[in-house]
Structure formats: structure tokens, C-alpha cells
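The values are calculated or read from the model by the stated rules, or taken from the named source; none is laboratory data. Fair warning: this is a prediction, and the values are worked out from it, not measured in the lab. All Cβ positions, even for glycine, are placed from backbone atoms using ideal geometry, and neighbour counts span all protein chains on display.
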Amino acid sequence: MKYAKSILLAGEYIDAETATYDDYKDLLMTCPCCESPVFLCKGFDRHYKSGKVVKILSTWKHYSDRGVEGIAECEARSQYRPQDVEQRNTVARKQRFKLYRTRLWDLIALSPFVKGLETEKHIRTLLEDGVTHWFVNRASKCFRDERIFPDIYSEIDMRCNHALNNIPKKDKLSTYDEALIAILRDSNLEYRKQIAAEAMKFCFRNYSGNDLKKLTAFAMPETLHKDILRWTEYLIEGLIEDAPLRIQSEIIEMYNSTPGKVMELIEGSVGGNEITKNKFANALSGLVHDLFGNMAGLFLSIPWLEELKKSSSKLRD
Ligand SMILES: [Zn+2]
């Protein structure tokens, strides 16, 4: 059979051609017709003495206890068109999502990138700072805007490929890098990417403004936080330099009391000049994309399959 159903992924149909031995073992694969367990036979090229080469396709196979007739019946009934598979997989995704959407915060806390961080305190400190709060606000609006990240899966996929091609030298690895490399080399990376993308999409669309800000702050490591502060300081210095003398002290005073307001002022004042406006927009977008990358890393590092295993065994009990 070309397709089999993964119980673990709430019934997602998986093409034998794209499955690997490693991932299929974890996914609890069954026949879509009789629900009995199946295993993977990988395709290969059969070479004949005549020099002829025949491509043998990958298939899902029943264990022999299903019986020859039964197997033939399943084979005949499981001929799906790609659009049927797509439709069934949409249902599976929704089903799977139900299993974890109410527990997303708990799952996020399981990420090795979050663990160990004094999370609540860290987020409170970040959001108490006016400039950071302004940035988090701005970034979470970008996440909400579906035109900025229209296809979250492709974005994550591209970033994973880029990261895999640019793994830093061994002696330069931080613990963050090491955790990230382990994820990128995980045999279940493809499913992680799918699930991470669907979960992020859900958060971007449905989280309340406050929850989205909290999530955005979660994804901000120290280094990126420093970059953001440096950038905003640079802008504020520029603003002070360009301002007439009598306003300079007013700006400094405002920066000291409500720094977020100064950022709003800058954002409002860059509109007049096309070059400044573009520079500002590009820098902001670069930082937001960096933040998105960190969030993708965080979502990829959640132990999704282990958690799905727990929920599916609960459902079966
Ligand atoms: Zn069957």
C-alpha cells in the first residue's frame, strides 16, 4: 500500500515513499482499512542480468497474520488520490491539534530552551522595560499579521535547512547551539516542523494580545534582547542629535520616564523621509524575523511526539 495511517499523529496518512524506518517506528502505523499494524518496505532498484533496472516502490505491508485474502482486500480499498489524502490529513491535523491546544503553555515550558529560565520573572522584567515592551508589542502585531508570515511551515523549513548548512565549529558551540543541532538531526524533524508550524499558527491567530506578548517575550533570548536595546538606543541618540536644543532635554526626560513613548515618537517621525522610513522598517523587520526564528526553535524543541504518545494512550484507555 502506498499510504498508511499514523495513530500517533491522530490518523495522518503517510506516503511510504517519504517515510523512513526511523520515523515510521515511532508513529504507530496502521492499515487505513482494517486498522491492523503495518510495516515499511523501502523501495530499491532491481538490476537484471540483461542490464535492465526496475524501480521497486516503497510500500506499507501487513504482517502475515492478516491472511492473503484480507491483505488483497485492503490493498484494493486503499487506493487514494492525492486530494483525498490531503483532505484526510486536514481532518487529522485538526484532531491532533485538539489533543494539545489546551495545554500549549505547559508544553512550551517543556522546551529545553525555556527550561531553567526563571520564566515568569524573566518575562516580567522584559515587559517592565518600556523600550522592550514597545518592541514586543510591535513584534506580536507582526506575528498576528498573516501577510508578514503567510506560510509558517515554509519559513520554518527554510530556517532548518539554513541552520543545517551553517552548523558552527565544534569548539564554538553554545548550549543553545547544541540543543538546536540535536533537534535538526532528529529523525522526526519533519513531523516536528509540521506540528510546530500548526501550533505557532494557532497562537498567532487565536492568542489574546497579552498571551501573544508573553509568548513573544518567551522567545527573546538575552543576545537578541541586547540587539534590540542597542538598535533602539541608536535611534534615540539620533533623535536627540537631530532635535533642536530646547527639545533635547524634553526627549531625554521623556526617555527616562516613559521610554516606550520615545519609540512611538521615532516611529511616527520616520514617516516623512522615504530612506529613513525604509531603514527603520528593514531594521525592525530583521529583528522581528530573528525573533520568529527563536520562536520556531522553541516550538521545534517541544517533545511533541512523546506528548502525543501520552495523550493517545490516554484516549485508548
Ligand atoms: Zn488492512
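Which count do you get for residues in the stretch 237-269 that are touching a Leu at 6+ places or on another chain (Cβ under 9 Å) and β-branched (Val, Ile, Thr)?
3
Of everything in the stretch 110-159, what is part of a loop (DSSP other than H, G, I, E, B), at pLDDT 85 or above and either in contact with a Ser or Thr (Cβ under 6 Å, 6 or more places away or on another chain) or hydrophobic (A, V, I, L, M, F, W, C) (or both)? Give them in sequence order.
Leu110, Ser111, Ile148, Phe149
Just need a number here: residues in the stretch 15-34 that are within 15 Å of the ligand (Cβ to nearest atom) and under 10 Å from Lys5 (Cα atoms). Talk me through it step by step, then tell me what you get.
So in the stretch 15-34, the residues within 15 Å of the ligand (Cβ to nearest atom) come out as 16, 28-34.
Add one more test, that the residue is under 10 Å from Lys5 (Cα atoms), and what stays is 28-33.
So the count comes out to 6.
Kindly list the number of the only condition in (1) in contact (Cβ under 8 Å) with a residue 24 or more places away in the chain; (2) within 16 Å of the ligand (Cβ to nearest atom); (3) farther than 23 Å from Arg96 by Cα that fails for Ile71.
(1)
If you scan the stretch 10-28, which residues turn out to be assigned to a loop (DSSP other than H, G, I, E, B) and either of a type outside the set (A, V, I, L, M) or modelled with pLDDT of 90 or more (or both)? Walk me through it before giving the result.
Let us first name the residues in the stretch 10-28 that are assigned to a loop (DSSP other than H, G, I, E, B), namely 10-11, 16-20, 27-28.
Answer for the stretch 10-28, where residues must be assigned to a loop (DSSP other than H, G, I, E, B) and either of a type outside the set (A, V, I, L, M) or modelled with pLDDT of 90 or more (or both): Gly11, Ala16, Glu17, Thr18, Thr20.
Could you give every pair whose Cβ atoms fall below 7 Å, whose first residue belongs to the stretch 16-29 and is over 10 Å from Thr59 (Cα atoms), and whose second residue is among the small types (Gly, Ala, Ser) and part of a strand (DSSP E or B), counting only separations of at least 6 or pairs across chains?
Final answer for the pair search is Leu27/Ser6; Leu28/Ser6; Met29/Ala4; Met29/Ser6.
Out of Pro82, Pro37, which single residue is more than 16 Å from the ligand (Cβ to nearest atom) and out of contact with any helix residue (DSSP H, G or I) (no Cβ under 6 Å at 6 or more places or on another chain)? Quick ask: steps written out before the conclusion?
Numbers: Pro37 fails: more than 16 Å from the ligand (Cβ to nearest atom).
The match here is Pro82.
Please specify each residue of the stretch 29-87 satisfying the condition of being outside any helix (DSSP H, G or I), out of contact with any strand residue (DSSP E or B) (no Cβ under 7 Å at 6 or more places or on another chain) and closer than 20 Å to Tyr13 by Cα.
Cys33, Cys34, Glu35, Lys42, Leu57, Gln79, Arg81
Determine whether the stretch 242-260 contains at least one residue that is in contact with a Lys or Arg (Cβ under 7 Å, 6 or more places away or on another chain) and in the same structural domain as Leu127 (by TED's automatic domain parsing).
Keep residues of the stretch 242-260 that are in contact with a Lys or Arg (Cβ under 7 Å, 6 or more places away or on another chain), which gives 254.
Add one more test, that the residue is in the same structural domain as Leu127 (by TED's automatic domain parsing), and what stays is 254.
Taking every residue of the stretch 242-260 in turn, at least one turns out to be in contact with a Lys or Arg (Cβ under 7 Å, 6 or more places away or on another chain) and in the same structural domain as Leu127 (by TED's automatic domain parsing).
Got a number for residues in the stretch 49-68 being within 16 Å of the ligand (Cβ to nearest atom), under 40 Å from the mean Cα position of the chain (by Cα) and among the β-branched types (Val, Ile, Thr)? Can you show your working first?
Going through the stretch 49-68, the residues within 16 Å of the ligand (Cβ to nearest atom) turn out to be 59-68.
Subsequent filtering for residues that are under 40 Å from the mean Cα position of the chain (by Cα) retains 59-64, 66.
Filter again for among the β-branched types (Val, Ile, Thr), leaving 59.
Count: 1.
Evaluate the following for Ala163: is it loosely packed, with under 12 Cβ neighbours inside 10 Å, among the hydrophobic types (A, V, I, L, M, F, W, C) and either free of Cβ contacts under 8 Å to residues at least 24 places away in the same chain or part of a loop (DSSP other than H, G, I, E, B) (or both)?
On the way: loosely packed, with under 12 Cβ neighbours inside 10 Å: no; among the hydrophobic types (A, V, I, L, M, F, W, C): yes; either free of Cβ contacts under 8 Å to residues at least 24 places away in the same chain or part of a loop (DSSP other than H, G, I, E, B) (or both): yes.
When the stated conditions are applied, Ala163 does not pass them.
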